[in-house]
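Step one of this worksheet: look at the structure below.
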Amino acid sequence: MFSIYKEEIMNYLVVMIVTMVIFSIFILNAYHNANTEHPYELEDHQVSKQDSLQHQLSIDEKKETEHDHHSMMLAVN
């Protein structure tokens, strides 16, 4: 009986082993990435005092935000 299903059982075993290897590689890669430091290149952005003051003045002049209350009327026909 084993000889009848030998090829089918071998196919299932091969698929199972390949799946286990791929899954193991994925888990090991995730573990390695979780335990390594990921360096990021940081740039030193300098904001001048004049630019900061101009930006603050432009914000103060606008004063239109989503938090302002506007009266509204709805007409239903």
Whole-Hz Karplus ³J(HN,Hα) for the stretch 26-37, in order, using 6.51 cos²θ - 1.76 cosθ + 1.60 and θ = phi - 60°, x for Gly and Pro?
-> 4, 5, 5, 5, 5, 5, 5, 5, 6, 9, 10, 7
Gain upon complete extension [HIS38, MET16; 0.36 nm per residue less C-alpha separation] = 4.5 nm
Enumerate the calculated ³J(HN,Hα) couplings along the stretch 9-16 in order (Karplus 6.51 cos²θ - 1.76 cosθ + 1.60, θ = phi - 60°), each rounded to whole Hz, writing x wherever the residue is Gly or Pro.
-> 5, 5, 4, 4, 5, 5, 4, 5
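Each reported figure results from applying straightforward, stated rules to the coordinates on display, with no laboratory input. Worth saying up front: this structure is predicted, and the values here are computed from it rather than measured.
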